[in-house]
1. For the chain, restrict the atom set to alpha-carbon positions and state the Rg and Dmax in Å.
2. Do any trypsin sites (Lys or Arg not before Pro) in the range 1-109 lie in a loop, going by DSSP, with at most 11 other beta-carbon atoms within 10 Å of their beta carbon, and if so which?
3. Take the Cα atoms of the range 56-107, find their three principal axes, and give me the spread along each one in whole Å, biggest first.
Amino acid sequence: MYGITIGDSGLKQTKALRSTVLAWQQLEIAPDRDRRARHFVARTDDGVTVGCASCGPAPFPDVAFDEHSSMRFWGVAVLAPYRGRGIGQALMRAVLARGSELAVDLVWANARKSALSFYTDLRFETVGDPFTDALSGLDDRRVVLHLTDANSRKWIHRVQ
Ligand SMILES: CC(C)(COP(=O)(O)OP(=O)(O)OC[C@H]1O[C@@H](n2cnc3c(N)ncnc32)[C@H](O)[C@@H]1OP(=O)(O)O)[C@@H](O)C(=O)NCCC(=O)NCCS
């Protein structure tokens, strides 16, 4: 990933990508306002923001995992010309590191159908029925990763 740096940023830096890449109806959502939320961006050496991902503590919405402490991530986006170079995965490593820091059991997201294999490659599992995401109007599925599961831990340790 030559010439790209992943760093912690403010919410503001994610908004242009949320708008252009994700086409969200609104650029800020409730979990953004949690002071424990983190916003990671990928920047070129010239300081151009080309990717982003946000995360923060949020209960899993369905009963299936409500006994777990959980972190949600959202707003994962990489500008089209920069895709396929490992930037998305690098952003997800930052997200998972934050999950470890918060010592949560479960990391979850509403993932668009078109990106499901990006997450399953990262060992996320798809759970529940498909639904329409209110922000994008697209078909989504929920994806989860158990951070406390021994196999996941071993794998996360390897990719970080
Ligand atoms: C999904 C997204 C963030 C991935 O970013 P990226 O920088 O291209 O991802 P990476 O280069 O780290 O790819 C990692 C792996 O996932 C695969 N992958 C990436 N995007 C994928 C997608 N949309 N569908 C399936 N597989 C994907 C890559 O082929 C790569 O596999 P490899 O290691 O075997 O080559 C990016 O494609 C994107 O912004 N898409 C549009 C917005 C979106 O769908 N965001 C997710 C919302 S839930």
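Nothing in this text is a laboratory measurement; each read-out follows from the coordinates by a stated rule. All of these numbers come straight from a predicted model, not from anything done at the bench. All Cβ positions, glycine included, derive from the backbone under ideal geometry; neighbour counts span all protein chains shown.
1. For the chain, the Cα-based Rg and Dmax read 14.7, 45 Å.
2. The qualifying sites are Arg35.
3. The principal-axis extents, from largest down, are 40, 22, 13 Å.
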